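The structure appears below as structure tokens.
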Amino acid sequence: MVQGKVFLVGAGPGDPKLITVRGMELIQQADVIVYDRLASPKLLNYTRKGTERIYCGKQADHHSLPQQEINRVIVERALEGKKVVRLKGGDPFMFGRGGEEAEACIAAGLSYEIVPGITSGIAAPAYAGIPVTHRDYSSSVAFVTGHKASGKESEIDWERLSSAVDTLVFYMGVSNLPDIVKRLCQYGRAKETPVALVRWGTCENQETLTGTLETIVEQVQQARFQAPAIIVVGEVVRLREQLAWYEQRLPHVVTA
């Protein structure tokens, strides 16, 4: 039997038009698509007839398939001689556990290919009119996983982040926002520092909420602002007032 191959494909930040050309080619050629919650379902319209679709979406309180099971599925299908596309929201290697899936392929003796995608940590702020770097405001940016921001398991160097990095971008951090704010202020970030949350960035239902470290937690609670959202902390958030462009095309979008 001819051995198959695994393709770890970044689906981009939400808008299906933002997938790469290579990513679209592989979707059209795949025998099996193993796809995430944050990969646009519209991309599945481009699969061939008979392509097997396997959903493995993850939410904070529910995983349809645990990571070990996802690894097993992609390996098994490839060992059957199939071309397997693992379609992952954003970029496979940016908090997407793509490295673990690549390691599973290596352990099984399978060949694989990485297809980068546009990560939401850059795309969502851009669609909200917030450049994560700017010559006048920010010469450094850090991307941080927010779901490990609290508790004993946190390995984040809060002191360094607070003092040495201009722009902070948190993924998966909405539920831990109070602790993120507390720690940043504890290690020296001014309470007046601008903050933005961008929900469903690049999608038609994109929402943006702005405030400061002093006000944002209460604003999120009052607005019942929920995940998935990217959190941006830094002076670059001030540029939204003049650079916001996408939501001006979407009059139904809620902004604050």
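The values are calculated or read from the model by the stated rules, or taken from the named source; none is laboratory data. Predicted model only: the values in this text are computed from it and were never measured. Positions of Cβ are backbone-derived with ideal geometry, glycine not excepted, and every protein chain shown enters the neighbour counts. Note: accessible area is taken over every heavy atom of the protein model, side chains too, but ligands, DNA and RNA are not part of it. Shrake-Rupley method; radii C 1.70, N 1.55, O 1.52, S 1.80 Å.
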From largest accessible area down, sort Trp200, Trp158, Trp245; use a 1.4 Å probe on the protein chains. Trp245, Trp200, Trp158
Taking amide H positions as placed 1.01 Å from N in the peptide plane, with prolines and chain starts having none, which residues 5 or more places from Gly89, or on another chain, fall under 5 Å of its amide H? Ala11, Asp36, Leu38, Ala39
Which of Glu235, Glu101, Glu76 moves the most in a Gaussian network model of the chain with Cα springs under 10 Å? Glu76
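Leaving ligands, DNA and RNA out of it, rank Met172, Met24 by accessible area with a 1.4 Å probe, largest first.
Met172, Met24
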Could you tell me the center-to-center distance, by alpha carbons, between the range 115-130 and the range 1-47 in angstrom? 18
Per residue of the range 176-184, what does 6.51 cos²θ - 1.76 cosθ + 1.60 with θ = phi - 60° give for ³J(HN,Hα)? Whole Hz please, x for Gly and Pro, Karplus curve as stated. 9, 3, x, 6, 4, 4, 4, 5, 5
With n ≥ 4 as the cut-off for DSSP H runs, can you work out [θ] at 222 nm for the chain, using -39500 (n - 2.57) per run divided by the number of residues, rounded to the nearest 500? -7500 deg cm²/dmol
So, with a 1.4 angstrom probe, what is the percent of accessible area on the range 1-87 that is carbon and sulfur? 50
Residue by residue through the range 186-201, the couplings from Karplus 6.51 cos²θ - 1.76 cosθ + 1.60 with θ = phi - 60°, in Hz, x for Gly and Pro, are 4, 9, x, 5, 5, 5, 7, 4, x, 9, 9, 10, 10, 9, 6, x
Dipole axis of the chain (+1 Lys, Arg; -1 Asp, Glu on Cβ), positive-most option in Ala190, Ser139, Phe225: Phe225
For Lys82, which sequence-distant residues (separation of 5 or more, or a different chain) have an amide H within less than 5 Å of its own amide H, given hydrogens modelled in the peptide plane? Gly4, Lys5
With a ≥ b ≥ c the root eigenvalues of the C-alpha gyration tensor of the range 98-176, is it rounded (a/c under 1.5), prolate (a/b larger than b/c) or oblate? oblate
So which trypsin sites (Lys or Arg not before Pro) in the range 137-230 end up in coil per DSSP with only 14 or fewer other C-beta atoms within 10 Å? Lys152, Lys191, Arg224
Descending accessible area (1.4 Å probe), largest on the left, turns Leu44, Leu18 into Leu18, Leu44
Just to verify a number: what accessible area does Ser138 come out at with the full protein assembly present, 1.4 Å probe, Å² rounded to tens? 10
So which aspartates and glutamates can Lys49 reach, going by Cα to Cα under 17 Å and dropping same-chain residues fewer than 8 places off? Glu25, Asp31
Taking Cα atoms only, helix 67-79 is inclined relative to the longest principal axis of the chain by an angle, in degrees rounded to 10, of 30
Does anyone have the angle between helix 98-107 and the longest principal axis of the chain? Alpha-carbon axes, 0 to 90°, nearest 10? 30
Could you size up the charge dipole of the range 173-256 around its Cα centre, putting +1 on the beta carbon of Lys and Arg and -1 on that of Asp and Glu, and report it in debye to the nearest 20? 140
With +1 assigned to the C-beta of every Lys and Arg and -1 to the C-beta of every Asp and Glu, and no other charges, what is the dipole magnitude of the range 66-187 about the Cα centre in debye, to the nearest 20? 200
